[in-house]
Amino acid sequence: MKRKRPQRAPSAWQSSAQWQAIGSAAIRAWNRKRPNLPKCSAARKRDGEPCQQIAMANGKCFIHGGRTPRGNEWHRTQWPDGKSPDAEKKLQRKLVERERYAKKRAARLAAMSTAERERHEAWHAARKPGSAAAREQARAERKQNAELREMIAAPRPAPTGEAAALESQIATLRAELDERRRDDQKPIGAFA
């Protein structure tokens with residue numbers, strides 16, 4: 001959970017009547033505009049009703065995946081645009097954030113039991129970031145492997161009457177072939 005920033009006392013300008021009038025006008029304008037903005041298309045967890053947050057460009061709010069990149073950038077660190085005027089400041093903040101998160105993650109992993117650790121690693125193995133095509137291929141391979149394991153584990157069905165007759169005929173023909181091969185290996189001619 002983020003720590004709250006210390007509250008600063010408002011400046012003289014912020015306490016003035018003019019500041020309050022500007023703020024009141026801005027919030028009234030926002031309240032008039034807000035009901036007409038598109039809403040998030042996701043369902044809320046608590047009651048299944050549509051989310052009432054304002055949607056971003058992709059139709060979801062920031063809570064339901066609006067900030068998570070899609071495609072090849074899914075769950076990868078988003079670095080600031082180098083052309084931005086405050087790119088250096090954003091980059092430094094992002095690096096400090098990542099370092100802090102890495103320390104928290106290491107402490108959390110160290111505190112986990114072996115069963116929790118296995119579940120954690122299995123969860124992360126199933127959700128590797130990377131290109132959408134690579135993730136799709138891995139999904140297809142996992143599905144095929146599961147189907148193959150299921151087929152191998154299933155017991156062989158009992159042979160039908162026709163299959164049993166064919167198998168006995170194959171066994172007879174193989175025995176005959178083996179006998180003929182043994183006859184072919186006997187020396188013939190002047191060296192017999």
Among (i) -0.65, -0.85, -1.09, -1.46; (ii) -0.50, -0.68, -0.81, -1.14; (iii) -0.30, -0.45, -0.61, -1.11, the value of log10 I(q)/I(0) by the Debye sum over Cα atoms at q = 0.08, 0.10, 0.12, 0.17 Å⁻¹ computed for this structure carries the label (i)
To the nearest 20 debye, what charge dipole does the range 69-192 have about its Cα centre, counting +1 at the Cβ of each Lys and Arg and -1 at the Cβ of each Asp and Glu? 1360 debye
Quick one: Karplus J couplings for the range 101-118, per residue in order, coefficients 6.51, -1.76, 1.60, θ = phi - 60°, nearest Hz, x for Gly and Pro? 5, 4, 5, 4, 5, 4, 5, 5, 5, 5, 7, 6, 6, 5, 5, 5, 5, 5
Correct response: the longest run of the chain lacking exposed trypsin sites (Lys or Arg not before Pro), defined by DSSP loop and at most 15 other Cβ within 10 Å, is 128-192
Spin-label pair W123/A154, simplified geometry with 7 Å Cα→Cβ offset, distance in nm: 3.4 nm
Hey, which of these cross-link pairs are over 26 Å Cα-Cα: K60/K128; K94/K128; K60/K94; K39/K128; K4/K104? K39/K128
Using alpha-carbon coordinates, inclination of helix 132-153 to the longest axis of the chain, degrees: 40 degrees
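Computed from the coordinates by the stated procedures, all read-outs in this text should not be read as laboratory data. Note that the coordinates shown come from a computational prediction; the quantities given were computed from them, not determined experimentally. A quick note on method: Cβ atoms are made from the backbone with ideal geometry, for glycine too, and the neighbour counts reach across all protein chains shown.
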